[in-house]
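Here's the structure, in structure tokens; my notes come after.
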Amino acid sequence: MHMNLRHLLLNKATLILALIGLGAGGYFYWQKAHAPSPEQRYKTEVLEAGDVTQTVSANGTLNPVVLVNVGTQVSGTVKKLYVDFNDKVKQGQVLMELDPAVYQAQVDLSAASVNNARASLELAQANEARTRELFRLEYVSRQELDQAVQTLKSARAQLAQAQAQAQKDRTSLGYTVIHSPVSGVVVSRMVDVGQTVAASFQTPTLFTIAQDLSKMQIDSSFAEADIGNIKVGQPVHFTVDAFPNRMFNGVVKQRRLNPTTQQNVVTYDVVVAVDNPELILMPGMTAYVNIVVAQRKDVLLVPNAALRFKPADTTAKNNAAPKTREGRKKAAGATVYVLENGKLKPVSIVTGITDNRFTEVVSGNLKAGDQVVTEDTSAGNESAGQSSGLRMRMF
């Protein structure tokens with residue numbers, strides 16, 4: 001009975017293995033019979049000639065070309081304000097007044113000092129003239145004449161000193177009236193009537209005036225890897241959040257030599273000149289800048305997807321792309337694949353600039369009208385089939 005049971009189990013196991021073998025063979029035969037043709041398996045794209053523009057990008061801030069901070073050289077209490085935010089001002093226009101009472105009193109005091117010094121000078125002149133006449137008649141000594149002359153000189157010096165102090169006090173009184181140094185627009189006002197401003201070691205800022213908002217500039221920071229491609233005069237395109245669907249233009253005005261290092265990242269300031277005739281661009285706006293560093297007209301273009309495509313049966317070692325950022329080098333070697341007689345054929349090319357969608361073909365055995373492979377549409381299915389096969393073997 002035990003022998004029959006063993007024989008029965010052995011026959012059943014053999015039958016199961018035979019069924020599995022038949023199923024696996026049928027599956028692979030079906031898979032092979034229904035495998036897509038190379039034209040169906042690979043997605044291709046036709047090469048065409050066209051224009052390509054390479055850009056480098058960064059963020060920046062819009063600022064007026066000339067931004068003047070108006071301060072005060074004297075301390076005091078704000079008595080009157082004549083302008084406010086966004087007001088247009090002319091050069092020399094009065095912006096505000098400080099309370100002049102203290103400075104007016106000082107002017108009056110210095111004026112009295114001048115009158116006193118002038119009176120002392122007149123007396124010294126009379127004494128010197130009288131002493132000189134008496135010396136001529138030999139009624140006074142030479143020492144008395146010299147003393148009279150010295151007193152006259154001292155009186156003249158004291159008058160000059162009093163006059164200088166009076167001029168200083170009048171100047172300080174004039175500083176209580178704040179004038180605009182330039183014509184422009186008031187961007188900010190930092191004071192109100194009744195506020196006390198103190199001019200000590202650093203002049204306090206009362207107003208900020210943009211000289212001309214129709215001419216602005218973008219101060220942006222570019223990475224050191226990009227700065228070598230940026231030159232003065234290159235065209236610039238940028239957008240701002242306030243007008244997301246509108247493209248603005250500018251030109252590179254300056255590439256500053258002073259580097260900025262933050263967390264071992266080196267950047268350089270690039271100044272972009274911008275025309276703002278509509279006055280819609282405002283100071284402080286964030287600009288998303290793209291600088292055109294290279295352009296090519298009517299060149300053969302290959303899709304970047306074709307440059308990234310690698311056949312599944314090719315090792316990563318043989319097909320690894322150069323470890324450089326796309327489009328950084330003037331020319332670089334690459335490999336693309338075309339379908340020839342139902343098989344993939346590698347074609348070596350030399351690439352030029354890129355706009356991150358298409359890349360210039362500098363040289364290689366490609367021409368307009370060739371179809372390059374951009375994707376293997378069965379890559380996912382093959383992976384799934386390999387996983388199913390692995391589960392069957394485990395069973």
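Worth a mention:
- Members of the range 45-58 found to be among the charged types (D, E, K, R) and either more than 22 Å from Leu366 (Cα to Cα) or free of Cβ contacts under 8 Å to residues at least 24 places away in the same chain (or both), listed by number: none
- Asp275 surrounded by 13 or more Cβ atoms within 10 Å (Cβ to Cβ) and either touching a strand residue (DSSP E or B) at 6+ places or on another chain (Cβ under 6 Å) or of a type in the set (D, E, K, R) (or both): yes
- Among residues of the range 114-144, those that are among the hydroxyl-bearing types (Ser, Thr, Tyr) and part of a helix (DSSP H, G or I), counted: 2
- Being over 29 Å from Gln195 (Cβ atoms) and basic (Lys, Arg) is not true of Arg170.
- Tyr42 passes every criterion in (1) in the same structural domain as Gln202 (by TED's automatic domain parsing); (2) crowded, with 18+ Cβ neighbours inside 10 Å apart from (1).
- For beta carbons closer than 7 Å, sequence separation of 6+ or different chains, a first residue in the range 59-83 that is of a type in the set (Phe, Trp, Tyr) and a second that is surrounded by fewer than 19 Cβ atoms within 10 Å (Cβ to Cβ), the qualifying pairs are Tyr82/Val94.
- Residue tally, condition closer than 16 Å to Ser75 by Cβ and either under 27 Å from the mean Cα position of the chain (by Cα) or not assigned by TED's automatic domain parsing to the domain that holds Phe85 (or both), over the range 179-211: 2
- Flag for Asn264 being of a type outside the set (A, V, I, L, M), over 16 Å from the mean Cα position of the chain (by Cα) and more than 14 Å from Asn59 (Cβ to Cβ): yes
- Here Arg142 meets the list (1) within 30 Å of Asn63 (Cβ to Cβ); (2) charged (D, E, K, R); (3) free of Cβ contacts under 8 Å to residues at least 12 places away in the same chain almost entirely, failing just condition (1).
The values are calculated or read from the model by the stated rules, or taken from the named source; none is laboratory data. On a predicted model such as this, the values are computed, not experimentally measured, just so you know. Note: ideal-geometry Cβ built from the backbone for every residue, glycine included; neighbour counts use all protein chains shown.
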